[in-house]
Amino acid sequence: MRDMTERAVSQTATREPQGSRARALLKGARDQFLRHREASVLIVALVLGAYFASASDAFLTHANLVNIWQATAPSAIVACGIVLLLVSGEIDLSVGVVAALSPFLMHYAIDFYSIPAIPAIVLALLAGTLIGLINGFVTVVLKVPSFVTTLGTFYFITGVVLTTSHAYPAEIPASVDNAIGTWLGAGDWAHLAWGLIIVVIFHVVLTRTRWGLHTIAVGGNPLGASESGIRTGRIKIGNFMIASTLGAFAGLIEAFRIHTIDPNLGGGTGLMFTAVAAAVIGGTALAGGSGTIIGGALGALVLAELQNGMNLIGISANPYFLILGAAILLSMIANVYLTRLRRGGRVGR
Amino acid sequence: MDGDTKRDVLRVENVAKRFGAVTALSDVNLRLGAGEVLGLIGDNGAGKSTLMKIICGFHRPDAGRILVDGEPVELKSVDHARSLGIDTVYQDLALVNELSVYHNMFLNREPVFLGRFLDNRKMRRLAREHLADMGVRIPSVDVQVAQLSGGQRQAIAVARSVYSQSRILLLDEPLAAMGAKEGALILDLVRDLKARGEVSILIIAHNYAQVLEVCDRVNLLQHGTITFDKETAKTSVQELTDLVVAEYRAARQGSAGPAGQ
């Protein structure tokens, strides 16, 4: 894309005098900006960071930065799966409770069935994958809209978590309360590392692999994608499985971080809504066909900064929701407007 | 029908297809010669789409058979038909608006490295070369398909099919919803393809006049069977229109009586 703009700029430059060269450069910059929707979210994240840093000395301290990335990582990780699903034209409302379920499964496996630590963790993750498979199967094969399918699994899994745990928190099993726990979330750096690794992996998956391209195709033109021979059902089911597995993983690292297994992790729907909000603020359209992983991760960062910063400068947590609501509405309006700009052909020619 | 089975790249013999109580195709015989452009016309509900979907492997016929290069084949899927060189440019073009021209050109046939990573550089280069080779002019292969005109989109869909080594190209209503200028662009593309002689083309269309411009031969599909097969030079728009109108009149008289489904 860059070389195209450069070419366009140089063509204009050879044909026209100096004055319009600056204008061409400006137009090129605007086109780049519109094309990389993540850029606007990055700017918001930076401006927010600068504002809170100037308003509170505590904001840029090491301890607070740890707080911010620990709040960012789980929603960014879940947002990766949500973005893939939204791009392929589906949604998953159950990821948040899968996150609550997976540490319990690890706990049950270790403490009730004497399964060793690592296999128990793998089991908890695979249970997430299986829930994704079921979500995908019901949606794709039985043709229930994913909103309804995952609303059903959301309540069902909530029921499973609350019944089996009797709605009481559990302790982290001893066999994982060691280096494993540190690596998987108890360590200060663990959230940052996992968040970055997973975001980079799924950014590459969405933008540089056949899977990502077909995900966009399936969401952008479902009929056309299947006419091209893409197995659309497989792509969708796969993305449900990825989203649910990431949900399970986010639940595990959160359990290790707070050092307890909480049946109301993230307030039940909290993690899911934060992740969807992050994806939407990051420029992902609910209609399918477009969205970015980096945007979703930056969206998660913006939300974490807001919550943290407002806390630091002494605003009560309640206006946070006002700002969150306004941010979602504004970014969606901007999204629709930018899409129309592009469709109108005023960008990128 | 004249013999010489060998030179026919595609033959449809006695094909029938029913959907429940509805007979879409009763008995279709059709042949497509090597390098030939055949126009398949017929009114709505005549069975054009069904026939096309059988040839491209989407539907299986209830009776009859399909021969490719004189060999009977049982088309199991769209992918299978495509592997035999039969490809379709659908009315909706199967293009993804959100993707660039070069990604659309290679949709589901993307060159990759290390097994799964997209070779964007190669796709971009090949798409640029191939489109230039076919005389398709677009601003850049990097633009999103959403930014192109209807004719450009159609041209890209055709170019994609040709590029994927298809020898039998089915064009489904290529001129539908297209302005005169855009339509001319597509007809030029078909003429170019014909001149190259690498592909045989079956055009499904409503618009007789424009179809006659590029087709070697015209078939008329009525009530699920081919009722008319003539070389373009030996027929006229008037004759085709008369046939369809006669069918309409007959149907109207028929429905006045007790028959009529």
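For every residue, the table says whether it meets (1) farther than 22 Å from residue A:254 by Cα; (2) modelled with pLDDT under 95.
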{"position": "A:47", "(1), (2)": "yes, yes"}
{"position": "A:52", "(1), (2)": "yes, yes"}
{"position": "A:57", "(1), (2)": "yes, yes"}
{"position": "A:60", "(1), (2)": "yes, yes"}
{"position": "A:79", "(1), (2)": "no, no"}
{"position": "A:90", "(1), (2)": "yes, no"}
Query raised in the report: What residue, among those in region A:280-295 that are over 16 Å from residue A:325 (Cβ atoms) and not in a loop (DSSP other than H, G, I, E, B), is most open to solvent (accessible area, probe 1.4 Å)?
Result: A:294
Query raised in the report: Just one of the numbered conditions (1) closer than 16 Å to residue A:86 by Cβ; (2) open to solvent by 10 Å² or more (accessible area, probe 1.4 Å); (3) within 14 Å of another protein chain (Cβ to nearest Cβ); (4) in contact with a helix residue (DSSP H, G or I) (Cβ under 8 Å, 6 or more places away or on another chain) is not true of residue A:242; which one?
Result: (3)
**Report entry** Residue satisfying all of: in region B:73-106; within 30 Å of residue B:8 (Cβ to Cβ), aliphatic (A, V, I, L, M) and part of a loop (DSSP other than H, G, I, E, B); nearest to the other protein chains (Cβ to nearest Cβ) among these
**Finding:** B:94
Query raised in the report: If you check B:182, B:173, B:198, which single one turns out to be touching a helix residue (DSSP H, G or I) at 6+ places or on another chain (Cβ under 9 Å) and within 25 Å of residue B:110 (Cα to Cα)?
Result: B:198
Query - For residue A:89: the one exception among (1) more than 17 Å from residue A:258 (Cβ to Cβ); (2) open to solvent by less than 10 Å² (accessible area, probe 1.4 Å); (3) in contact (Cβ under 8 Å) with a residue 40 or more places away in the chain - result: (2)
Query raised in the report: Can you name the condition, by its number, that residue A:86 falls short on among (1) at pLDDT below 95; (2) of a type outside the set (Phe, Trp, Tyr); (3) in contact with a Gly (Cβ under 9 Å, 6 or more places away or on another chain)?
Result: (1)
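Residues checked against (1) buried (at least 22 other Cβ atoms within 10 Å of the Cβ); (2) small (Gly, Ala, Ser):
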position	(1), (2)
B:7	no, no
B:17	yes, no
B:29	no, no
B:35	no, yes
B:42	yes, yes
B:51	yes, no
B:63	no, yes
Report task. Among what's in region A:245-262 and is open to solvent by less than 10 Å² (accessible area, probe 1.4 Å) and not hydrophobic (A, V, I, L, M, F, W, C), pick the residue that is nearest to residue A:164 (Cα to Cα). Result -> A:251
Requested in this report: Could you grab me the full set of residues in region A:182-211 that are free of Cβ contacts under 8 Å to residues at least 24 places away in the same chain and open to solvent by less than 30 Å² (accessible area, probe 1.4 Å)?
Outcome: A:187, A:209
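State yes or no: is residue A:231 more than 22 Å from residue A:154 (Cα to Cα), basic (Lys, Arg) and more than 8 Å from chain B (Cβ to nearest Cβ)? Explain how you work it out, then say what you get.
Values: more than 22 Å from residue A:154 (Cα to Cα): yes; basic (Lys, Arg): yes; more than 8 Å from chain B (Cβ to nearest Cβ): yes.
In short, yes.
The values are calculated or read from the model by the stated rules, or taken from the named source; none is laboratory data. The structure displayed is predicted, hence computed values, not measured ones. Every residue, glycine as well, gets a Cβ built from its backbone with ideal geometry; the counts of neighbours run over all protein chains shown. When the accessible area is computed, the model is the full protein with side chains, heavy atoms only, and any ligands, DNA or RNA have been set aside. Shrake-Rupley method; radii C 1.70, N 1.55, O 1.52, S 1.80 Å.
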